[in-house]
Amino acid sequence: MPRTREALEQLERSTLAPWAQLSAESRGRAYREPPPDWRTEYQRDRDRVIHSRAFRRLEYKTQVFLNGTGDHLRTRLTHTMEVAAISRGISRALRLNEDLTEAIALAHDLGHAPFGHAGERVLNRLMKGHGGFEHNRHSLRIVEDIEEKYPRFHGLNLTWELREGLAKHYDPAHHPSRTSGFPAKCSSLEAQVANLADEISYYSHDLDDGLDAGLLSESQLEREVRTWRGAAREVRRTYGRLPDECRRYFIIRCITDLQVRDVVVTTEARIKDAGVATADQVRLHSRPLVQYSNDRRKLNLELRKFLYRNLYYNPGVQVPNERGVQMLEQLFRHFLARPGDMGGQARKRARRTGLHRAVCDYLAGMTDRYAILEHERLFG
């Protein structure tokens, strides 16, 4: 017999922790729909995210290196998939709802502009006085309004819990909890896991990409980053001498494993100390419970500073992205002056949202390569 939604919901009740978010206890969707037959509500959310246009465009959006720079360098899509994998692993260890965590992870970067965080900064500057631009907020706007796939509503009509998970840096006055009447202080544990898995993922793959691009070196990492030094020592002790690519892979895998182990052990202890017994008690807690230990947080801060100093601000990363930023600024001013040059959907949106927001939405939805092609078309 195939498993029905009801059977899957019962499986959640019997296997998940008391503080996990059960799909049968979802606060629902903005627009009522018949429940799925063979999926839980969060599995439906996950599938809707995967089938969205915004998700497909992540393949051609910058993570750190300009999209197309190298075949093996991460894109925003591969980053998203790695976050989803780490999220599921942590959730499984803590007996949380893996489907909800995965859905949040898959949707968390839908709102990123082209050209990475540099693109986000320029759009925020250009939108000063018009609401600004922040990619987490824009992810929510995509799933609540911008995607148009269904006949009876704008957006993807995702569950309240997934939208809550996308609001990690959102203005508290506009957090989904404010429209539900529930005075949340934190998000679900599943949302907290996806948030921290995002950080674990980019620490690991940015090291890998930086080494692959020749902007970082193992000798420099050994000298300056204790996290790397400890992982490298463990790999040498376990495997001896390894070929370069294999050695780097195992060191970075070791770093990821150490991060995940630390989060699981620390979070388990914090949940016990907090005395929470339900998902809503987690939301009412004063601080997030999914955390690193103090020692791991200090090591990560050291690693983060190293990456900013040696990778993110490296001219090999900065210069191509800054060229992309200049293109975005020129395109923004051009479409403000000549909105007729935008696509038809963007022109229609301008009547609802105002011209500045419609231009910003249009540019934020572009992939790196489409923004470059549009710039060539309009400016030569």
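Brief remarks follow.
- Accessible surface computed residue by residue for the chain, with neighbouring protein chains in place and a 1.4 Å probe, gives 48 Å² per residue.
- Diagonalising the gyration tensor over the Cα atoms of region 14-54 and scaling each eigenvalue by 5 before taking the square root yields semi-axes of 21, 13, 11 Å, largest first.
- Normalised Debye scattering of the chain at q = 0.09, 0.10 Å⁻¹ gives log10 I(q)/I(0) of -0.56, -0.70, counting only Cα atoms as equal scatterers and leaving out solvent.
- Here region 284-325 has 53 percent of its accessible surface on carbon and sulfur atoms, given a 1.4 Å probe and all protein chains in place.
- Using distinct alpha-carbon pairs, which all enter the 1/r mean, Kirkwood radius of region 235-380 in Å: 20.4 Å
- Length-normalised contact order of region 227-300 in % [C-alpha pairs under 8 Å, at least 6 apart]: 34 percent
- Percentage, to the nearest whole number, of Cα pairs in region 177-314 over 27 Å apart: 33 percent
- Average Cα contact separation per residue, the chain, under 8 Å, 6 or more apart, as relative contact order %: 21 percent
- DSSP H segments from the chain that extend 18 Å or more along their own axis, Cα-based, with Kyte-Doolittle mean of -1.0 or above: 76-94, 189-212, 244-274, 315-337
- Cα centroid of region 212-267 to Cα centroid of region 301-318, whole Å: 17 Å
- Chain lengthening between ARG27 and ARG261 when straightened (0.36 nm per residue, less Cα-Cα): 81.1 nm
- Across region 257-325, the volume of the C-alpha convex hull divided among the residues equals 146 Å³ per residue.
- For LEU301 and THR78, the FRET efficiency from 1/(1 + (r/R0)^6), where r spans their Cβ atoms and R0 equals 22 Å, is about 0.30.
The values are calculated or read from the model by the stated rules, or taken from the named source; none is laboratory data. Computed from a predicted structure; not experimentally measured. Every residue, glycine among them, receives a Cβ derived from its backbone with ideal geometry; neighbour counts consider all protein chains shown. Side chains are part of the model used for accessible areas, which takes the heavy atoms of the whole protein and leaves out ligands, DNA and RNA. Shrake-Rupley method; radii C 1.70, N 1.55, O 1.52, S 1.80 Å.
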